[in-house]
Amino acid sequence: MATLKSIKKRIVSVKNTRQITKAMKMVSAAKLRRAQDSITAARPYAKKLAEVLQKLAAQSEGDAHPLLAKRSAQKALLIVISSDRGLCGGFNANLSKAADRFIKEKKADYAEFSVMTIGRKGYEFLKSRTSVRKNYEGVLAGLNYQTAALLAHEVIDGYLAGDFDEVFVIYNAFKSVMSQDITVQQLLPVPPATTESEEVVTDYIYEPSKGALLAELLPKNIEVQIFKALLDSVAAEHAARMTAMDSASKNANEMIGKLTLQYNRARQAAITKELMEIISGAESVKG
Amino acid sequence: MAEKLKIELVTPYKKVLSEEVDEITASGALGEFGILPGHAPFLSSLKIGELSYKKDSSTFHLAVNWGYFEVAEDKVTVLVETAERADEIDLERAKIAMGLAEEELKKLTPEDKNFRTYEAALERALIRVQVAAKAAGK
């Protein structure tokens, strides 16, 4: 039987843990709201840009721009967006596993397969399994468009220089507070438009010219896609952490309840024992 | 005029405008242009510059950064990196930024790779000052 003192100690320590998880939940909730705001704000921009680009691309030949042209896929790059910090449930583990699976499946198709990670957690998981050519840390905390643009340009430069022929990105998309969707998206070459918008091909007046516009919009689109993926991932991370911390707080509550019960029982048992001793002592004096 | 243009102006951070307006003027890659209702489908990239629109006989000005401009069936979609309404512009800050950019530009030669960056910064600051001045002048 555990002693009173040791049970008391455990209750105190669980209470402390609960305090931390509760606080972390609150912090994540606040951060989630902000992240959610910025992702909802960014979506219309990304959507509109993709629309216009599709219209433009649909009217241009496949090799109008190097970023559109399909090359024989020799070298592939996978960008894995995870988080820098842990304590967010299965957020990173699921993503890393999915990335690992994706790599294993695809590895046979390419002569070379390299990985770029954003976020410490994904890097730590993948570095022992595959070659990680570059890792970025600390970009997720104060995320802004400039960072995304820099990343995009690195990818585009590498693509144009022939360092890789196909680029994918894998990330947790923010679906709702309760669930994240692991999404794999092909960034480069820009996948051909899904031909549902074929009804009206409006003939635009282009200024300065179709080719020049395409050349400006294509890299822009990559920037925006990466920015959106990063925002999505950040929102999903906070959501995941919030749910994880919520259930941790709940577990702590449950545990405190159980321990308190145990503590009270032990206390009662001690009192009963003492009483018995006094009574039997008194009896023997009387006798 | 019965017909109106529907303008939507979006940046990566927020939707800035969504309104019915009478006339829009913007500076495109090949110079300034104006759009009235009934315009033919049109697609242009935008420079750092000013975008103004008329609504119910009053004019509004915005300072915009790089982006593009699309007209289709009286619907105008403007995507820009940044957009600031005239009354949102911090004139003091813009003036300071302009001074800084000018200083830096004087030190550099056009071949320097930072030259373009500062040139763009100067342009942006200049436009901000202009737009803010217009709003103040009304």
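The values are calculated or read from the model by the stated rules, or taken from the named source; none is laboratory data. Quick caveat, the model's predicted, so the values are computed rather than measured. Ideal geometry is used to build each Cβ from the backbone, glycine not excepted, and the neighbour counts take in all protein chains shown. Remember, those area values only see protein heavy atoms, side chains included, never the ligands or the DNA or RNA. Shrake-Rupley method; radii C 1.70, N 1.55, O 1.52, S 1.80 Å.
Observations on the structure shown:
- Within a straight-line Cα-Cα reach of under 19 Å, residue A:210 can be paired with the following aspartates and glutamates, leaving aside sequence neighbours fewer than 8 residues apart in one chain: A:51, A:61, A:63, A:198, B:32, B:70.
- Positive-pole candidate from A:251, A:40, B:98, dipole of the protein assembly as shown, charges at beta carbon: A:251
- Shown for chain A: the carbon plus sulfur share of the solvent-accessible area, taken with all protein chains present and a 1.4 angstrom probe, equals 55%.
- Segment B:5-86 - percent of accessible surface contributed by carbon and sulfur, probe 1.4 Å: 50 percent
- Principal-axis analysis of the Cα atoms of chain B puts helix B:91-107 at an angle of about 50° to the longest axis.
- Using 0.36 nm per residue and subtracting the Cα-Cα separation, the extra length available between residue A:282 and residue A:112 on full extension is 52.3 nm.
- Within the straight-line cut-off of under 16 Å between alpha carbons, the aspartates and glutamates reachable from residue A:286 are A:277, sequence neighbours fewer than 8 places apart in one chain being disregarded.
- Relative to the longest principal axis of the Cα atoms of chain B, the long axis of helix B:115-137 lies at roughly 50 degrees.
- Relative contact order (%) - chain A, alpha-carbon pairs under 8 angstrom, separation at least six: 31 percent
- Interface burial for A against B (accessible surface, 1.4 Å probe, total of both chains, Å², rounded to 100): 2200 Å²
- If you wrap the tightest convex hull around every Cα atom of segment B:89-136 and split its volume per residue, you get 54 Å³.
- Over all Cα atoms in the protein assembly as shown, the spread is summed up by Rg and Dmax: 30.1, 117 Å.
- Segment B:89-136 - accessible surface per residue (Å², probe 1.4 Å): 69 Å²
- Protein accessible area in segment B:89-136, 1.4 Å probe - carbon and sulfur %: 55 percent
- Accessible area per residue in Å² at 1.4 Å probe, computed on chain A: 53 Å²
- Along segment A:158-163 the Karplus relation, 6.51 cos²θ - 1.76 cosθ + 1.60 evaluated at θ = phi - 60°, assigns HN-Hα couplings of x, 5, 5, 7, x, 5 Hz to successive residues, with x for each Gly and Pro.
- Inter-site label distance for residue A:10 and residue B:113 at 7 Å from Cα along Cβ, in nm: 6.2 nm
- Bridging of residue A:104 to lysines at a Cα separation below 22 Å is possible for A:75, A:121, A:127, A:134, once same-chain residues fewer than 8 apart are set aside.
- The order of the peptides A:248-260, A:227-239, B:50-62 by mean Cβ neighbours within 10 Å, most packed first, is A:227-239, B:50-62, A:248-260.
- Two-site FRET efficiency, residue B:103 against residue A:153, from Cβ-Cβ distance with R₀ of 41 Å, rounded to 0.05: 0.90
- Complex-versus-alone comparison for segment B:73-95, residues with a loss of 50 Å² or more in accessible area, probe 1.4 Å: B:79, B:81
- Rounded to 10°, Cα long-axis angle of helix A:4-58 versus longest principal axis of chain A: 10 degrees
- Nonlocal amide H pairs with residue B:55, under 5 Å, H built at 1.01 Å: B:22, B:60
- Taking all Cα pairs closer than 8 Å and separated by 6 or more residues, the relative contact order of segment B:89-136 comes to 50 percent.
- Full extension of the chain between residue A:265 and residue A:175 gives 27.8 nm of extra length, using 0.36 nm per residue less the Cα-Cα distance.
- Adding -39500 (n - 2.57) for every DSSP H run of four residues or longer, then dividing by how many residues chain A holds, sets the calculated 222 nm ellipticity at -22000 deg cm²/dmol.
- Interface burial in segment B:23-54 reaches 50 Å² or more for B:30, B:41, B:42, B:43, comparing the full protein assembly with the chain by itself; accessible area from heavy atoms with a 1.4 Å probe.
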